Structure formats: C-alpha cells, structure tokens
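Asker: Have a look at this one before I ask anything.
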Amino acid sequence: MTSLPKKVPALIVYAQGIVEHLTGNPYFPTPAPTIAAIIAAIHDLQAAETAALARAKGSIAVRNDKRKALIGLLQQVRSYIQAIADADAANAVSVIQSAGVAVRKTPMRHARVFAAKPGRVSGVATVVATSAARRASYGWQYSTDGGKTWVAVPSTLQAKTTVSGLVPGSTAQFKYRAVTKTGEGDWSQPVALMVH
C-alpha cells in the first residue's frame, strides 16, 4: 500500500475515502478500529485544523496531536486491510482497492543469467553473470577448443567482462566464478557463443 498523505487537508480527504469504501464493504465486515472511531478522529482533526488556521493559542500542538491520533487509526485499519488481503492472496489487489487504498507497485527485476553476447566489434564477446554479492569479484575463463584448455581473463569487480582477440566464426566457451568474503565459488557451467 502507498504511504499516507503528509498535509492535514489531504489526510482528512484520504481518511474520509477509507470510511466511505469500508462502509458496507463485504470484504470488511468488522473493521478494526471501528468506522465510528475513524469518523470521530476525522472530526477532531477537522476542528483542530480550523482552530490552527484561525491561529488560536496552542492550537498547533492540539492539531498535531489529533493528526497523530488519526494516523495511528489509519495505520491500524491499513494493517487490518492487509491482513484480510493476505488471507485471500488470489484477490488481494481487488480487496485492497475495494477499501479505497492504492496498491504499491512492486518493481519487476529480471534475474540476470549467465550469458555471452557478441561484442560491438568483430572478435569481441561480452560476458554477463548473476551478481553474487554486493562486494564480490569475478574470475573469468574462456576456451576456443571445446573446453579442453581454458584461458584466464582478468578478474573484475562487476559481474560482466569483455573478451577480445577471439577469431570470428569460431565458437568460444566462457565460464566464471565469484569470489566473496566467504571464499571462491565453483566454476559455472560454460556457455557457448559463435564469435562474430
């Protein structure tokens, strides 16, 4: 779920939207905290905001206390909404949206796989591996004779390297291993590439 609004007027509108969406919603038969408690907190904050805008003495501190109280109730109701959504994982997004709450989009990250690709110029290959750790180095080797002999490539601190000096039209195999604070990993299975 997305974060709560920071400004008081936006927070009030947000809370009113939650109340409107929870009222009579079949997914949420017994909201916790109750809708009446949220409505009372909204009214208290509205009154305190009006007093603060009129610059009444001590009204800012009262408004801030009422804001904290409403935020506390909204956080509780959001936990309740999340618990109901978690219980129905197949319909979780619909359940959350039916409560008037926006669903946070999760970033889609594609796992990097070990692969070799043709480089930008002839006779060059770019080799990319899966990152092993935040702090790791990578040892690289290649073979042009079907894996009988392996030639070392300089180690890198990134999970990629460029291998040059390959014969265009030949097939090269590449493998790597990660070195982390726990030690050297095993060599990967080789991947092959027809050199361009």
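Asker: Quick check on my filter: what residues within the range 147-187 are surrounded by 17 or more Cβ atoms within 10 Å (Cβ to Cβ) and of a type in the set (S, T, N, Q)?
Answerer: Result: 156, 161, 173.
Asker: Here are some residues: 146, 165. Which one is over 15 Å from residue 191 (Cβ atoms) and out of contact with any helix residue (DSSP H, G or I) (no Cβ under 8 Å at 6 or more places or on another chain)?
Answerer: Criteria check complete, one pass: 165.
Asker: For the range 10-63, which positions are polar (S, T, N, Q), in contact with a Ser or Thr (Cβ under 7 Å, 6 or more places away or on another chain) and more than 25 Å from residue 92 (Cβ to Cβ)?
Answerer: Going through the range 10-63, the residues polar (S, T, N, Q) turn out to be 16, 23, 25, 30, 34, 46, 50, 59.
Restricting the remaining residues to those that are in contact with a Ser or Thr (Cβ under 7 Å, 6 or more places away or on another chain) gives 25.
Residues satisfying the conditions do not exist here.
Asker: Name the residue that is farthest from residue 101 (Cα to Cα), counting only residues in the range 22-37 that are open to solvent by less than 80 Å² (accessible area, probe 1.4 Å) and in contact with a helix residue (DSSP H, G or I) (Cβ under 7 Å, 6 or more places away or on another chain).
Answerer: Of the range 22-37, the ones open to solvent by less than 80 Å² (accessible area, probe 1.4 Å) are 22, 24-25, 28, 31-37.
Now narrow it down to the ones that are in contact with a helix residue (DSSP H, G or I) (Cβ under 7 Å, 6 or more places away or on another chain): 22, 25, 28, 31-33, 35, 37.
Details: 22: 10, 25: 13, 28: 13, 31: 14, 32: 16, 33: 16, 35: 15, 37: 18 Å.
Checked the range 22-37; the qualifying residue farthest from residue 101 (Cα to Cα) is 37.
Asker: Within the range 68-91, is even one residue in a loop (DSSP other than H, G, I, E, B), at pLDDT below 95 and not hydrophobic (A, V, I, L, M, F, W, C)? Steps first, please.
Answerer: Within the range 68-91, the subset in a loop (DSSP other than H, G, I, E, B) is 88.
Still in the running and at pLDDT below 95: 88.
Adding the requirement that they be not hydrophobic (A, V, I, L, M, F, W, C) leaves 88.
Yes; the residues of the range 68-91 include at least one that is in a loop (DSSP other than H, G, I, E, B), at pLDDT below 95 and not hydrophobic (A, V, I, L, M, F, W, C).
Asker: Taking residue 79 as meeting all but one of (1) in contact (Cβ under 8 Å) with a residue 24 or more places away in the chain; (2) within 27 Å of the chain's Cα centre (by Cα), write down the number of the exception.
Answerer: (1)
The values are calculated or read from the model by the stated rules, or taken from the named source; none is laboratory data. Bear in mind the structure is a predicted one, so any value in this text is a computation, not a measurement. No Cβ is skipped: glycine too gets one built from the backbone with ideal geometry, and neighbour counts run over all protein chains shown. All accessible areas refer to the heavy atoms of the entire protein, side chains included, with ligands and DNA or RNA removed. Shrake-Rupley method; radii C 1.70, N 1.55, O 1.52, S 1.80 Å.
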